[in-house]
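> Starting off with a structure, shown below.
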Amino acid sequence: MPMNVLLVEDSPGDVRLTQEAFRDVNMYIRLHVASDGVEAMAFLRHEGAYVHAPRPDLILLDLNLPKMDGREVLAFVKEDENLRTIPVVILTTSEAEVDILNCYRLNANCYLSKPGKWDAFEGVVKSINDFWLTTATLPPESQTA
């Protein structure tokens, strides 16, 4: 059964790497991309071009985004009764303790640092797939808090 993953990432190179890595590990992933926090909010709220967007099974969220940063998106998702059950995995270059702590305080489900090399990045995507999209039982789409 296809799984919908929302990738919120402003780097075209990281988007491409993520697409290629998911294509290699799980052909049933439908990867949707938002390039900034405002676009992610429109996707999640079904606004504008995203009126028919699916509810993601998982959100992969970068922190340092234009227009609205990932921390704001995370706070919104975890405060919204209809979205808070969607697991949010922070996937960012930041290894700052303050970012890690703040994300967990905002109820991030997981915090992962992006590795710089392709093999390591593919390994991170494989581990996300193996745990979040294969092993873990995710809430049904209609589930609310």
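> Taking the Cα centre of the chain as the origin and placing charges on Cβ (Lys, Arg +1; Asp, Glu -1), which of F22, A136, I59 is farthest toward the positive end of the dipole?
Of F22, A136, I59, it is A136.
> Take the solvent-accessible surface of the protein heavy atoms, probe 1.4 Å, and return the percent of it on the chain that carbon and sulfur atoms account for. Working shown, then result.
On the way: 3890 of 7550 Å².
Of the solvent-accessible surface of the chain, carbon and sulfur hold 51 percent.
> Can you figure out the FRET efficiency of M1 with D69, using R₀ = 41 Å and their beta-carbon distance, to the nearest 0.05? Numbers along the way, then the final one.
Values: r = 33 Å, r/R0 = 0.80.
It comes out at approximately 0.80.
> Between the range 1-62 and the range 65-141, how far is it from one alpha carbon centroid to the other, in angstrom?
12 Å
> Sort the chain into rounded, prolate or oblate with this rule: let a ≥ b ≥ c be the square roots of the eigenvalues of the Cα gyration tensor; rounded if a/c is under 1.5, and if a/c is not under 1.5, prolate when a/b is larger than b/c, oblate otherwise.
Values: a/c = 1.31, a/b = 1.10, b/c = 1.18.
Since a/c stays below 1.5, the shape of the chain is classed as rounded.
> DSSP loop GluC sites (Glu not before Pro) in the range 50-94 with at most 13 other Cβ atoms within 10 Å of their Cβ, which ones? Numbers along the way, then the final one.
Working: sites: E72, E79, E81; in loops: E81.
Those that pass, being in a loop and sparsely packed, are E81.
> Here's a follow-up. Assign unit charges at the C-beta atoms only (+1 for Lys and Arg, -1 for Asp and Glu), then state the dipole size of the chain relative to its Cα centre in Debye, rounded to the nearest 20. Intermediate values should be presented prior to the final figure.
Details: 13 positive and 22 negative charges, 50 e Å.
Around 240 debye, computed over the chain.
> With +1 on the Cβ of every Lys and Arg and -1 on the Cβ of every Asp and Glu, and nothing else charged, how large is the dipole of the range 1-53 about its Cα centre, in debye rounded to the nearest 20? Could the numbers behind the result be given before it?
Numbers: 4 positive and 8 negative charges, 51 e Å.
Roughly 240 debye for the range 1-53.
> What is the chain's relative contact order, in percent, from Cα pairs under 8 angstrom and six or more apart in sequence? Could the numbers behind the result be given before it?
Details: 224 pairs, mean separation 35.6, N = 145.
This gives 25 percent for the chain.
> Separation between the R30 and A120 pseudo-spin-labels, each 7 Å from Cα along Cα→Cβ, expressed in nm?
Result: 3.4 nm between the two label points.
> Run the numbers for T93 and E47: contour at 0.36 nm per residue of separation, minus the present Cα-Cα distance, in nm. Write down the numbers at each step before the final one.
Details: separation 46, 0.36 × 46 = 16.56 nm, distance 2.91 nm.
Additional length available on full extension: 13.7 nm.
> Taking only protein heavy atoms into account and a 1.4 Å probe, give the accessible area per residue of the range 1-81 in Å². Could you put the intermediate results ahead of the total?
Working: 3910 Å² over 81 residues.
Ligands and nucleic acids excluded, the result is 48 Å² per residue.
The values are calculated or read from the model by the stated rules, or taken from the named source; none is laboratory data. Quantities reported herein were computed from a predicted structural model and do not represent experimental measurements. Methodologically, a virtual Cβ is constructed for each residue, glycine included, from the backbone with ideal geometry; neighbour enumeration extends over all protein chains shown. Heavy atoms of the whole protein, side chains included, go into the accessibility calculation; ligands, DNA and RNA do not. Shrake-Rupley method; radii C 1.70, N 1.55, O 1.52, S 1.80 Å.
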